[in-house]
Amino acid sequence: MELFKPMDLQSDSEKADIENVEKVRCLIIGSGPAGYTAAIYASRANLKPVLYTGMEMGGQLTTTTDVDNYPGYPDGVTGPEMMEQFKKQAERFGTDVRFGLATDTDFSGDKHKVTIDNNKQIEADTVIIATGATARYLGLEAEKKYAGMGVSACATCDGFFYRQKDVAVVGGGDTAAEEATYLAGLCNKVYMIVRRNVLRASKAMQEKVMNTSNIEILWEHQAIDLFGENGVEGAVLVKKKGTPQEEIIRIKIDGFFLAIGHTPNSDIFKKYIDTDETGYIKTIPGTSKTNIPGVFAAGDVQDPHYRQAVTAAGSGCMAAIDAERYLSEQKNEDIQKDI
Ligand SMILES: Cc1cc2nc3c(=O)[nH]c(=O)nc-3n(C[C@H](O)[C@H](O)[C@H](O)COP(=O)(O)OP(=O)(O)OC[C@H]3O[C@@H](n4cnc5c(N)ncnc54)[C@H](O)[C@@H]3O)c2cc1C
């Protein structure tokens, strides 16, 4: 076993890592509502936070047009505009916002090490993970074409725009059943497009769906395309795909809601941070604390239930306060040791 490696025998990449180490008090990973809110609080508490934006600067909301449910905007606001304001507010108090991707972590010691863009290492006293979650789509070209023009992955966010209209929800699990019943309260008609001949949703949710008169389940159907001039006007479905009864049908709808799950962006943390079976980071209830002292999680990456901008921002605030308290406790412990 090699215990000691002389400096001149190190590979170029190892050298690059070691030469490129920066120490920070508070590192924030992610630039959505959770990351920027954590940054506002952390910078005002003098933690001098460094925030890496990731590839999607501003987070998920930059992919949407109108945000109507964030408090403080009585006339609504576009997602990109709102996130630009979050960024400005964080920078006003001194947050160092940088474009870059966290590519690896080492939380095995007291200093939490995070590699950025595979070539720089940050040693942070505290880390706030705010990397969000990514909605799953079917992978149809039409989903991209009609993004924000009838295609949505969030009924709570966009359902309001489809009042008294006809919509479809794709999926057969609990989320799909919840989204369908929520939309049924707003819309004229809700189709549930279900690939199999059963729902995966819990018994209680299934009953709720079955007892809602304006939900129609299209069993053994799969969406293969969407059509419409200036937005979604309908969907093309294949019924009983791969069987002798296979049939192509078209339904008229104004909104197409995906409810086939989200993938939390937690892969690079999983070696050290506890997650649930679907990858959501586990936090101690009522806090943003993970299983590693000094590492906190906020926003959608730790929230399989609400996934809203305002809840993400709220938990970002919690993470910054938890980080500040952690650092004060560490400082007190150090003083005690010195006495
Ligand atoms: C189309 C759409 C419309 C929506 N509309 C609304 C709405 O009207 N109202 C509402 O309340 N909510 C809405 N939502 C939900 C809302 O966007 C999310 O709940 C919210 O953005 C979650 O915030 P977050 O900060 O946790 O994560 P996100 O906004 O997902 O941000 C995650 C951030 O992490 C960064 N990141 C990821 N991995 C890394 C990495 N390895 N290194 C560095 N950075 C990384 C990304 O670049 C991104 O900046 C909508 C979502 C979508 C997709």
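Other residues lying with their Cβ under 14 Å from the Cβ of GLY100 contribute a combined charge of -3, Lys and Arg counting +1, Asp and Glu -1. Across the range 54-169, the fraction of Cα-Cα pairs farther apart than 25 Å, rounded to a whole number, is 42%. Computed from Cα positions, the angle between helix 79-92 and the longest principal axis of the chain comes to roughly 10 degrees. Per residue, the chain reaches -8500 deg cm²/dmol at 222 nm when only DSSP H runs of four or more residues are counted, each adding -39500 (n - 2.57).
The angle separating the long axis of helix 174-184 from the principal Cα axis of greatest extent in the chain is about 60 degrees.
Ranked by the mean number of other Cβ atoms within 10 Å of their residues, highest first, the peptides 32-40, 155-163 fall in the order 32-40, 155-163. Modelled spin-label separation between ASP174 and PHE93, with each label point placed 7 Å from Cα along the Cα-to-Cβ direction: 3.5 nm. Do any trypsin sites (Lys or Arg not before Pro) in the range 164-203 lie in a loop, going by DSSP, with at most 11 other beta-carbon atoms within 10 Å of their beta carbon, and if so which? Here the trypsin sites (Lys or Arg not before Pro) that fit, given the DSSP loop and packing criteria, are ARG196. Take the Cβ atoms of ILE335 and ASN46, set R0 to 22 Å, and the FRET efficiency comes out at 0.75.
Excluding ligands, DNA and RNA, the accessible surface per residue across the range 94-234 is 48 Å² with a 1.4 Å probe.
When the Cα convex hull of the range 169-216 is projected onto planes of every orientation, the mean area is 2.7 nm².
Note on the range 180-292: with neighbouring protein chains present and a 1.4 Å probe, carbon and sulfur make up 46 percent of its accessible heavy-atom surface. Three semi-axes describe the equivalent ellipsoid of the chain; taken as square roots of 5 times the Cα gyration tensor eigenvalues and ordered largest first, they are 43, 22, 19 Å.
Less than 5 angstrom separates the built amide H of THR78 from those of VAL67, all sequence-distant by 5 or more or on a different chain.
Cys residues of the chain that find no other Cys beta carbon under 4.7 Å: CYS26, CYS187, CYS317. Ordering PHE107, GLY172, ALA155 by Cα displacement along the dipole of the range 96-237 toward the positive end leaves GLY172 in first place; charges were set at the Cβ atoms of Lys, Arg (+1) and Asp, Glu (-1).
Taking a straight line from the alpha carbon of LYS282, these aspartates and glutamates sit under 14 Å away, with near neighbours fewer than eight places off in the same chain left out: ASP267, ASP274, ASP300, ASP303. If only the Cβ of Lys and Arg carry +1 and only the Cβ of Asp and Glu carry -1, the dipole of the range 256-339 around its Cα centre is close to 100 debye. When each of the peptides 302-312, 74-84, 172-182 is scored by how many other beta carbons lie within 10 Å of its residues on average, the order from highest to lowest is 172-182, 302-312, 74-84. Close lysine pairs were tallied over the range 104-249: pairs 8 or more places apart or on different chains with Cα atoms under 27 Å apart number 25.
The values are calculated or read from the model by the stated rules, or taken from the named source; none is laboratory data. This structure is a prediction, so every number in the text was calculated from the model and none was measured. Please note: Cβ atoms are built from the backbone with ideal geometry, for glycine as well, and neighbour counts cover all protein chains shown. Note: areas computed on protein heavy atoms with side chains; ligands, DNA, RNA excluded. Shrake-Rupley method; radii C 1.70, N 1.55, O 1.52, S 1.80 Å.
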